[in-house]
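All remarks here apply to the structure that follows.
The values are calculated or read from the model by the stated rules, or taken from the named source; none is laboratory data. These numbers come from a predicted model, not from an experiment. Quick reminder, even Gly has a Cβ in these numbers, built from the backbone with ideal geometry, and neighbours come from all protein chains shown. When the accessible area is computed, the model is the full protein with side chains, heavy atoms only, and any ligands, DNA or RNA have been set aside. Shrake-Rupley method; radii C 1.70, N 1.55, O 1.52, S 1.80 Å.
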Amino acid sequence: MSYNIRLGVAKDGTNSWEFRYPATAMMIEDQQPDVFGVQEAFEFQIRFIEDNCTDYEAVGVGRDDGKSKGEFMSIFWNKNTVKMLKWGTFWLSETPEKPSKGWDAHCRRTATWALMKDKRTGKKFYFVNTHLDHRGKEAQKNGLALIVSRIDDINPKGYPMVLTGDFNIKPNNPALVDLDARMQSTRKIAEKTDNHNTFNGWSTAKTDAVIDYIYISGFTACPEYKTVTEKYADKPFVSDHYPVISRLVF
């Protein structure tokens, strides 16, 4: 699952984190993803999920200092079904090994990766989670290109791989060409899928804003892709983005 949780410090009126946090926990417990990536999460939001969805643990760092400051692109996994083996974070910039802002980006941007093992099958797989810049066109293109170029470095044995994230670009954007040549969008290939927008902006009027993605390589099938539009805790939205979720087969 990919879930832009909406930063917890945003002033969103009745949609602010202080009012909708129970909905996030209820959504996770209902959907029960084995692994999921979050975008825009602050440390207190990460801790809330770990404290209230006790089957899950997370890895990730704050993008501003590589520790606890700023937004996390954390990866969560269900301890009952998945084992985390190793992980890391790099910045989408010309200096990816340290906290930095790349190209024409408005913000520091990161990608978090983890090597994981499915406890039921013994299969290993990589999971990468990112959030591209919302303004810088060069940062969007080059940030995604950096992720694509690192796929072989991250995954020399060619394990199955999942890439999740808020890319802030629509499916017809040329920045996706190289990624489309390496991986497949589950929205496009799933046996059962939908065409729902992923960004809602706190309104049901949005109809063509698809900017959140799950890409895969090395899996044998994707039976289902779904945009999670259910309501939880009597809140119309769990975030200004809908979570997207896919079921994958090794």
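Some points to look at:
- Hydrodynamic estimate: the Kirkwood radius of the stretch 103-250 over Cα pairs, inserted into Stokes-Einstein at 20 °C and 1.002 mPa s, corresponds to D of 132 µm²/s.
- On the beta carbon distance between residue 229 and residue 172, with R0 = 25 Å, the FRET formula returns roughly 0.65.
- Lysine pairs with alpha-carbon atoms under 19 Å apart, the stretch 55-112, spacing 8 or more or separate chains: 6
- With the charge dipole of the chain set up from +1 on Lys and Arg Cβ and -1 on Asp and Glu Cβ about the Cα centre, the Cα lying farthest toward the positive end among the listed residues 105, 72, 176 is that of 176.
- Percent of Cα pairs exceeding the 17 Å cut-off, where the set is the stretch 142-206: 52
- Cα-projected label distance for residue 55 with residue 247, points at 7 Å along beta-carbon direction, nm: 1.5
- Here the stretch 1-128 is treated as a Stokes sphere of Kirkwood radius computed over C-alpha pairs; at 20 °C and 1.002 mPa s its diffusion coefficient rounds to 140 µm²/s.
- Computed FRET value (nearest 0.05) for residue 18 with residue 181, which takes r as the C-beta separation and R₀ as 30 Å: 0.10
- The Cα center of the stretch 225-250 and the Cα center of the stretch 124-196 differ in position by 19 Å.
- For the chain, projected area of the alpha-carbon convex hull averaged over all directions, nm²: 12.1
- Note on the chain: helix-only mean residue ellipticity at 222 nm, from DSSP H runs of 4+ residues weighted -39500 (n - 2.57) and normalised by residue number, equals -6500 deg cm²/dmol.
- Scattering profile of the stretch 59-104 at q = 0.28 Å⁻¹ [log10 I(q)/I(0), Debye over alpha-carbon scatterers]: -1.02
- Net +/- balance of residues flanking residue 56 in space, Cβ distance below 15 Å, scoring K and R +1, D and E -1: -3
- Within the accessible area of the stretch 1-101, the carbon and sulfur atoms contribute 47%, probe 1.4 Å, all protein chains present.
- For the stretch 210-250, convex hull volume per residue from C-alpha positions, Å³: 76
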